[in-house]
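The values are calculated or read from the model by the stated rules, or taken from the named source; none is laboratory data. The model shown is predicted, which means the values in this text are computed figures rather than measured ones. For neighbour counting, all protein chains shown are included, and Cβ atoms are generated from backbone atoms with ideal geometry for every residue, glycine included. Note: accessible area is taken over every heavy atom of the protein model, side chains too, but ligands, DNA and RNA are not part of it. Shrake-Rupley method; radii C 1.70, N 1.55, O 1.52, S 1.80 Å.
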Amino acid sequence: MCGIVGYIGNKNACEVILNGLNKLEYRGYDSSGIALNINGKIEVHKYKGRIKNLEEKLAPLGFNSPLGIGHTRWATHGAPSDKNAHPHSNMSGTIALVHNGIIENYIQLREWLINEHHVQFESETDTEVVVHLIDHYYEGDLLEAVFKAVEKMKGAFAIGAICCDEPDKIVAVRKDSPLVVGLGKDENIIASDIPALLKYTRDVYLINNGEVVLLTKEGVRIFNESREEIKRDVFHVTWDAEAAEKEGYDHFMLKEINEQPRGVDATLNRRLDDYNRITLDGIQITKEDLEKINKVYIVACGTAYHAGLVGKFAIEKFAQIPVDVDIASEFRYREPFIDNQTLFIAISQSGETLDTLAALREAKRRGARVLSIVNVVGSSVARESDDVFYTWAGPEIAVASTKAYTTQLISMYLIALHMAVTKDAISQDYYDLIVKELKALPAKVQKMLENTDTIKEIAKINYEKQHAFFIGRGIDVAVALEGSLKLKEISYINSFAIAAGELKHGTIALVEEGTFLTAVATQDHLFEKMLSNIQEVKARGAYVIGVAKEGNKEIEKQADRVIYIPDCIDEVTPVLSVVPLQLLAYYMAVLRGCDVDKPKNLAKSVTVE
C-alpha cells in the first residue's frame with residue numbers, strides 16, 4: 001500500500017515526482033523519498049514522515065534532473081524510519097528502486113544474498129532485497145537484470161528501477177500491485193494510480209499482471225513474462241483532475257461525504273431508462289443464466305464487505321436467491337462451495353484490493369462467473385471480471401470510504417432488482433415502489449447534509465470517549481458495522497458493532513455508566529424490539545444516540561439524543577442512515593485532533609495481504 005512515481009523526459013523529474021507523490025499520499029504517508037540521476041550519479045534522499053518533510057529537505061538543493069523515481073510508504077516490513085524509507089540502493093549506489101507490495105520469499109533471498117554474495121543490508125525491508133537481487137544479475141542491461149530478478153521473487157509487487165550506467169531508461173514491473181504508465185511528448189511516467197499523472201497527460205497504458213515495462217524519453221515498450229513485446233491500447237482518462245482536489249473543504253472526507261447525492265444520482269440514473277427499466281452497461285445476465293445459478297457469493301473487505309451485507313439482503317429480498325457474504329481474506333483459505341453454477345460478486349472501491357483480487361481468481365479457477373462492483377475504470381478487479389458494474393462515485397481520496405460505499409449500495413440494489421425482474425421474482429408494483437424510493441434518495445441525502453447541527457452537538461459532548469458501541473437489527477446491523485468502522489478508523493475510538501439481540505449474550509457486561517452507544521433503529525417492523533434493547537442499555541447507564549426515521553418519535557423517550565433520517569421504506573434506509581454516522585465520525589475525529597484523511601496505520605488501496 002505504497003505509492004510510486006517515476007519520470008523520464010525534458011521536465012525536472014524532481015518537480016514531477018513530488019507532484020505525483022502528493023497525489024498518491026493517500027496510499028501511504030509513513031515516509032517518502034526520491035532518487036534522481038544527477039551528473040551520472042544517483043542521488044537518494046528519503047525521510048520519515050509526510051511528503052512535506054521531503055519537500056522541505058529538497059528545496060534548498062535545487063535539483064534538476066530528467067530522470068528519477070519516488071515513493072510514499074505505508075510500512076509493512078520495518079518500522080517507519082529514514083533507513084527503511086524508499087528508494088533503496090545497491091551497495092555501490094548505482095541502482096535505485098521503489099516498490100509497492102510484499103516480497104513473500106524475501107527472507108530466503110536475503111539469506112542467500114548475505115551468505116553467497118556477501119551483501120550488506122542497510123534496512124529491515126523486503127524491498128532492499130530486490131535492488132540487491134537486480135544488482136546481482138546486472139551485466140550492463142537493466143531490463144535483463146530485472147527480468148531475472150523477478151523470476152526469483154514471490155509475492156505481490158510493483159517496482160520501478162533506474163541505473164546510473166543507463167541514464168536513458170526506467171524499468172518497471174507489475175505483479176498483483178497496480179501500475180499505470182502516462183504517455184507524453186518526449187516524456188513518460190510510471191505511477192501507482194492515475195491522479196499522479198493527470199497534470200501531465202490523460203493518455204495512459206494500463207499495465208497488466210506479470211508485465212515488464214521499459215520507459216525511455218522517446219517511448220514505452222511492454223513485455224510479457226515470456227519477454228515477448230506486446231501492444232497495448234491507449235486508455236484516455238476523461239474525468240476531471242479537479243475532482244481529486246479539496247475544493248475549499250477542510251478535508252477530502254468531508255468533501256466526499258457531501259458529494260454523495262451526486263454519486264448516488266449518477267450511479268442510479270445511468271442505469272435507468274425513461275421507463276425506469278434497468279440497463280446494466282452491457283452486463284448480460286439472462287433468465288437462463290439465473291436459472292443455472294444455485295448460489296451467489298459476495299466477497300469483499302472492510303467497508304465494501306458491509307455493502308455486501310446489504311447486497312445479500314437485497315438479492316434475497318427481491319430476487320429470492322440465496323447469498324453468502326464472505327471476507328475476502330478468509331474466503332481464500334477455506335474450501336468454498338463454488339462451481340460453474342455460482343455467481344461470484346466482488347466489491348472493491350479501488351479495484352486493486354489484493355485479498356479481493358485473489359478471491360476473485362480462486363472463484364474463476366473453480367468455474368464461477370464473476371461480476372465486480374468497482375469505482376476505478378481499468379482496475380485489476382475490473383479487468384479480470386466477466387462483468388463489471390462501475391459505481392460512478394468519482395475519485396475518492398480520503399482513506400475512510402464514504403461516497404464509494406453509498407454508490408456500492410445503489411449498485412447492489414440495481415443488480416438485485418435486475419435479477420428479480422429477469423427471473424420474474426418481483427411484482428411490477430413492488431418494483432416500481434423500490435425504484436421510486438431509490439430515485440428519491442439523492443434529495444434526501446442532500447437534506448441531511450444541510451442539517452448537521454444535532455450531529456455536531458453530539459460530537460462535542462462525546463468526542464473524548466474512549467469506547468463506543470453500535471447496535472441494530474436486520475439490515476441495520478450492516479449500517480451499525482459501517483458506522484463503527486468509520487468511527488474507529490479516523491477517531492481511534494475503540495468501537496465495535498453488534499446485533500442488538502446479541503447484547504444480552506455477553507456484550508452487555510461491558511455497558512456501564514456513560515457508555516457511548518449508537519442505536520440504529522430504522523426498520524419499522526423491528527422498531528419496538530430496538531426500543532427494548534435501548535431500554536436494556538439505558539438501565540445500565542449508557543448514553544444512547546438513536547438513529548430513526550422522521551415520525552418515529554417514540555424513540556425520544558428512550559434515547560438521550562436522536563438523529564432523524566427522512567422517511568422512506570425499510571428496504572432503502574441504509575443509504576440514508578449511514579450518512580449521519582459518517583458525519584459523526586468525522587466531527588468527533590476533528591475535535592480529537594486526528595488526521596481525518598490519513599489515519600495512522602491505514603492506507604487507501606490495500607494491495608498487500
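Structure notes:
- Note on segment 94-130: residues that are buried (at least 23 other Cβ atoms within 10 Å of the Cβ) and of a type outside the set (S, T, N, Q) total 11.
- Test result for residue 297, open to solvent by 40 Å² or more (accessible area, probe 1.4 Å), under 27 Å from residue 480 (Cβ atoms) and in contact with a strand residue (DSSP E or B) (Cβ under 8 Å, 6 or more places away or on another chain): no
- Residues of segment 412-444 that turn out to be aliphatic (A, V, I, L, M) and under 13 Å from residue 317 (Cβ atoms), as a count: 10
- Segment 360-380, residues that are buried (at least 24 other Cβ atoms within 10 Å of the Cβ), under 16 Å from residue 326 (Cβ atoms) and within 18 Å of the chain's Cα centre (by Cα): 360, 372, 373
Table: residues versus (1) of a type in the set (S, T, N, Q); (2) buried (at least 24 other Cβ atoms within 10 Å of the Cβ); (3) within 15 Å of residue 577 (Cα to Cα); (4) free of Cβ contacts under 8 Å to residues at least 24 places away in the same chain.
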residue: 403; (1), (2), (3), (4): no, yes, yes, no
residue: 407; (1), (2), (3), (4): yes, yes, yes, no
residue: 410; (1), (2), (3), (4): no, yes, yes, no
residue: 413; (1), (2), (3), (4): no, yes, no, no
residue: 420; (1), (2), (3), (4): no, yes, no, no
residue: 427; (1), (2), (3), (4): yes, no, no, yes
residue: 443; (1), (2), (3), (4): no, no, yes, no
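- Qualifying position, being modelled with pLDDT of 90 or more and either more than 17 Å from the chain's Cα centre (by Cα) or among the acidic types (Asp, Glu) (or both), among 345, 278: 278
- The set of residues in segment 467-497 that are closer than 24 Å to residue 599 by Cα, outside any helix (DSSP H, G or I) and either open to solvent by less than 30 Å² (accessible area, probe 1.4 Å) or touching a Phe, Trp or Tyr at 6+ places or on another chain (Cβ under 9 Å) (or both) comprises 467, 468, 469, 470, 493, 495, 496, 497.
- Being over 26 Å from the mean Cα position of the chain (by Cα) and under 22 Å from residue 142 (Cα atoms) holds for only one residue in 33, 68, 6, and it is 68.
- Criterion applied to 186, 176, 193, 135 was being over 26 Å from residue 236 (Cβ atoms) and among the acidic types (Asp, Glu), and the one residue passing it is 135.
- Residues that are assigned to a helix (DSSP H, G or I) and basic (Lys, Arg) were ranked within segment 362-414; the one that is modelled with the lowest pLDDT is 383.
- Filtering segment 436-466 to residues that are of a type in the set (Asp, Glu) and assigned to a helix (DSSP H, G or I) leaves 437, 453, 457.
- Test: residue in segment 169-191 that is open to solvent by less than 10 Å² (accessible area, probe 1.4 Å), in a loop (DSSP other than H, G, I, E, B) and either touching a Ser or Thr at 6+ places or on another chain (Cβ under 6 Å) or modelled with pLDDT under 90 (or both): yes
- None of 520, 562 is modelled with pLDDT of 95 or more and open to solvent by 10 Å² or more (accessible area, probe 1.4 Å) except 562.
- Output for segment 139-168, where each listed residue is without any contact (Cβ under 8 Å) to a residue 60 or more places away in the chain and touching a Ser or Thr at 6+ places or on another chain (Cβ under 8 Å): 157
- Number of the condition not met by residue 279 [criteria: (1) open to solvent by 50 Å² or more (accessible area, probe 1.4 Å); (2) of a type in the set (Val, Ile, Thr); (3) closer than 29 Å to residue 181 by Cα]: (3)
- Any hit, segment 541-559, residues being more than 30 Å from the chain's Cα centre (by Cα) and in contact (Cβ under 8 Å) with a residue 60 or more places away in the chain: yes
- Qualifying positions in segment 134-146 - closer than 30 Å to residue 361 by Cα and crowded, with 19+ Cβ neighbours inside 10 Å: 134, 145, 146
- For residue 396: the one exception among (1) surrounded by 24 or more Cβ atoms within 10 Å (Cβ to Cβ); (2) among the acidic types (Asp, Glu); (3) in contact with a strand residue (DSSP E or B) (Cβ under 7 Å, 6 or more places away or on another chain): (3)
- Output for segment 147-167, where each listed residue is surrounded by 21 or more Cβ atoms within 10 Å (Cβ to Cβ) and among the aromatic types (Phe, Trp, Tyr): 157
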